[in-house]
Amino acid sequence: MNEEILNILKSDPNGFTSGEWLCERLGVSRTAVWKHIEALRALGYEIEAVPHQGYRLAECPDKLIPEELQWGLKSSLIGRRILSYDVVRSTNDVAFDLAGKGLEEGTVVVSDGQTHGKGRLGRRWASPKGKGIYLSIILRPSLPPQGIAKLTLLASLSVARAVRSLTSLEPRIRWPNDILVNGKKLSGVLTEMSAEQDRLKFVIVGIGINVNSSHELLPPEATSIRLETGEKCPRVPLTQKIFEEFDRIYRDFKGGETAPWMEECRKSSSILGSYVRVEAPTPKEGYALDLDEEGALVLRLDNGFTERLFAGDVVKVR
Ligand code: BT5
């Protein structure tokens, strides 16, 4: 019901909607309408109430809640269902549990803050409350477990595209899972999976973005959209844009039509053409030659051989 009232108010952003009309349209009493208006106010909506005129939506909160994220969302799969939390340990953990219980593909778990946000290999992801975007997407692609390297890269591309289209920034992708702006880390992707022998049961794509965080809340090598542009950035439209970008890219991924997207990953790469050190799992140094169609980094080693890597941390040497 909250959502219905909101949709009515949102579709007439300048005018007033009479209480009486709302009652009729929704088939409830005036008191019931009033209670829902109060509930919406508690969520952060500024709703004016003027006698004899009715209600007007003056301002929507920049909150990552379904009421906001699903309004006008143009994706067909990603974000069709959204579960929103105030604070959780890690959205990836919540999504992993829910996927295990059968929640459908495209479901997104989003939280305003995380107490134990995770990076790869047991590392931490700083997740100050209200300052960033922390979300995890449940996916059920049919592919072998090694296919997730490419999925991680394509999720990073979705974030880069969304940031590029809504800000003045020029994000670069640092294989396999980072988005950098001016050489500093703005966003990271953590892909986890549940697999049975050679079959994937589900995949969780976790995305963290520093939106309005200040330096004190982040590690030294990190940055945020606000720090780079000098302006506060609303989180709702950016999250919607990520859903929409990933929706398209993921559809092509499932259809095996990712060549143009992979080409864009190469063009947006921060490391191709540089001499790099890949720290993990076994340290390697070489010239970053290519990102191949499977999402592997192709290195030309000093001995002239090439090697394909599916995971690791890259540091530019020169
Ligand atoms: C990542 O790991 O970059 C993956 C981050 C994924 C976070 C999202 S938030 C929603 C979802 N739920 C989760 O629990 N996680 C996902 P990795 O490449 O291993 O990088 C981790 C390293 O980045 C840390 O060791 C720090 O050096 C640095 N770091 C930590 N917090 C950061 C932040 N907020 N911004 C930039 N860098 C950060």
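Since every read-out is calculated from the coordinates, none of them should be taken as a lab result. Given the structure is predicted, the values throughout are model-derived calculations rather than measurements. A quick note on method: Cβ atoms are made from the backbone with ideal geometry, for glycine too, and the neighbour counts reach across all protein chains shown.
For a distance above 36 Å, tell me the whole-number percent of Cα pairs in the chain that qualify. Distances greater than 36 Å cover 25 percent of the Cα pairs.
Our coupling estimate for the stretch 21-33, obtained by passing each phi through the Karplus curve with A = 6.51, B = -1.76, C = 1.60 and θ = phi - 60°, is 5, 4, 4, 5, 4, 9, x, 10, 7, 4, 4, 5, 4 Hz, Gly and Pro reported as x.
Among rounded, prolate and oblate, which fits the stretch 1-148 when a ≥ b ≥ c are the square roots of the eigenvalues of its C-alpha gyration tensor, a/c under 1.5 means rounded, and a/b larger than b/c means prolate? Because a/c hits 1.5 or more and a/b exceeds b/c, the stretch 1-148 counts as prolate.
Close amide H partners of M193, meaning residues 5 or more places away or on another chain with modelled amide H under 5 Å apart, are I204. Helical runs assigned H by DSSP (4 residues or longer) give the chain a calculated mean residue ellipticity at 222 nm of -9000 deg cm²/dmol, each run adding -39500 (n - 2.57) before division by the residue total.
Cα centroid distance between the stretch 81-116 and the stretch 1-43, in Å? One Cα centre to the other: 29 Å.
Whats the longest run of the chain with zero GluC sites (Glu not before Pro) that are DSSP loop and have at most 15 other Cβ atoms within 10 Å?
Result for the longest clean stretch: 105-220.
Averaging over every viewing direction, what projected area does the convex hull of the Cα atoms of the stretch 95-173 cover, in nm²?
6.6
Scanning residues 5 or more positions from L200 or on other chains, those with amide H under 5 Å from its amide H are L143, with H placed 1.01 Å from N in the peptide plane. Among the trypsin sites (Lys or Arg not before Pro) within the stretch 152-246, those in coil by DSSP and having at most 11 neighbouring Cβ atoms inside 10 Å are K232.
Taking each of K129/K184; K185/K254; K35/K63; K118/K201; K35/K241 in turn, the alpha-carbon distance tops 25 angstrom for K185/K254; K35/K241.
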